[in-house]
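This report refers to the structure that appears directly beneath it.
Each value in this text was obtained by applying a stated rule to the coordinates, not by laboratory testing. All values reported here derive from a predicted model rather than from experimental measurement. In this analysis, Cβ positions are derived from the backbone assuming ideal geometry, glycine residues included, and neighbour counts consider all displayed protein chains.
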Amino acid sequence: MRKSLFVAATLAASAMLVLAPAGAALAAPRSDVLTTVKVGGPNVKARDVLQAGLKARTVLTFTQVGVAHPISLRCTKSTFTAKVTANPPHPGTAVMLLTGQTVTGCKANTTLVQSVTVTVTKLPSKVTISDAKGFPVTVFGPTAVLKIVPAPITKVKPFSCIYSARTIKGNASNIGSLISFKKQVFTVQKGSGILCPKQGALTVTYGPVVDLSVVHHPHVFVN
């Protein structure tokens, strides 16, 4: 009888040792909203720094809204840097702080403007990326100052236009690790000068988005 109990106990203990690892192997690794390397890859950590420039062979445009022959800017260089503050398990919404953004190489489509300098202000700005359908991206309170130097023939002194929006909305894509914004409207603030168009629409695509906090700076994906 004792021998039978001993054998039964030994078999039960052996079964537990064998089944425990198997059960652990069946548990799928948790994927957060943002991962690196691939969809379902290593999770992006809170406090990681993400960065992207313009998608290859694209430009940033800012175009006057509501007129037949709009004034527009074409900017050949732009980068953004953002710090991840929350990356919850999928499904959910990741949160970042836009800590830096540059826009350079800008030229207006009119000979009446000699040069334009763009400065993004009021940083950091909150940014959210959702893994809902279409991977919606929202930037809260974006603001930029456009310093415009008119052509000498105009005899107009340099002036600044300040544009802002409550939010602008775009989309992320795992094809190329991109973030895109199309025709997002900014409104000029009061007191910014009578020569500033009332509204302008931003169109831009950034990518690939990479994680600067990880060795080799892998691409970032939405799950």
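Things to note:
- Using a Förster distance of 25 Å, the FRET efficiency for Val185-Ala56 (Cβ separation, nearest 0.05): 0.40
- For the chain, built as a Gaussian network whose Cα springs stay under 10 Å, the top-fluctuating residue of Ala165, Ala144, Ala56: Ala56
- You can think of it this way: the chain between Asn109 and Val49 has 18.1 nm of extra reach, that is 0.36 nm per residue less the Cα-Cα gap.
- Long-range HN-HN contacts of Val33 with modeled amide H, under 5 Å: His90
- In percent, rounded to a whole number, the relative contact order of the chain is 22, using alpha-carbon pairs under 8 Å and six or more apart.
- Between Val214 and Phe140, the simple spin-label model (points 7 angstrom out along Cα→Cβ) gives 2.6 nm.
- Magnitude of the charge dipole, the stretch 34-222, Cβ model with Lys/Arg +1 and Asp/Glu -1, debye to 20: 460 debye
- Evaluating 6.51 cos²θ - 1.76 cosθ + 1.60 at θ = phi - 60° for every residue in the stretch 201-210, the Karplus couplings come out as 10, 9, 10, 7, 10, 9, x, x, 7, 10 Hz, glycine and proline recorded as x.
- Counted charge near Arg30, where neighbours are those whose Cβ lies closer than 15 Å (Asp, Glu -1; Lys, Arg +1): -1
- Taking a point 7 Å out from the Cα of Ile71 in the direction of its Cβ, the residues of the stretch 188-220 whose backbone N falls within less than 18 Å of it are 188-203.
- Think of the chain as a dipole: +1 on every Lys or Arg Cβ, -1 on every Asp or Glu Cβ, centred on the Cα centre; then among Gly176, Val139, His69, His69 lies furthest on the positive end.
- With 28 Å as the limit, the listed pairs Lys38/Lys83; Lys55/Lys122; Lys147/Lys183; Lys45/Lys169; Lys83/Lys107; Lys45/Lys147 have Lys83/Lys107; Lys45/Lys147 beyond it between alpha carbons.
- In order along the stretch 122-131, phi translates into HN-Hα couplings of 6, 8, x, 10, 6, 9, 10, 10, 9, 8 Hz, rounded to whole numbers, per the Karplus curve 6.51 cos²θ - 1.76 cosθ + 1.60 with θ = phi - 60° and x for Gly and Pro.
- Those trypsin sites (Lys or Arg not before Pro) in the stretch 60-108 that DSSP places in a loop and that have at most 15 other beta carbons within 10 Å: none
- Ile194 versus Thr119: modelled label distance in nm, points set 7 Å from Cα along the beta carbon direction: 2.6 nm
- Sites Thr102 and Lys133 - FRET efficiency at Förster radius 30 Å, r taken between beta-carbons, to 0.05: 0.45
- Amide H contacts under 5 Å for Val185, placed H, 5+ residues apart: Leu202
- Relative counts (whole %) of C-alpha pair distances in the chain, using bins that are 10 Å wide: 8, 28, 25, 15, 9, 5, 4, 3, 2, 1, 0
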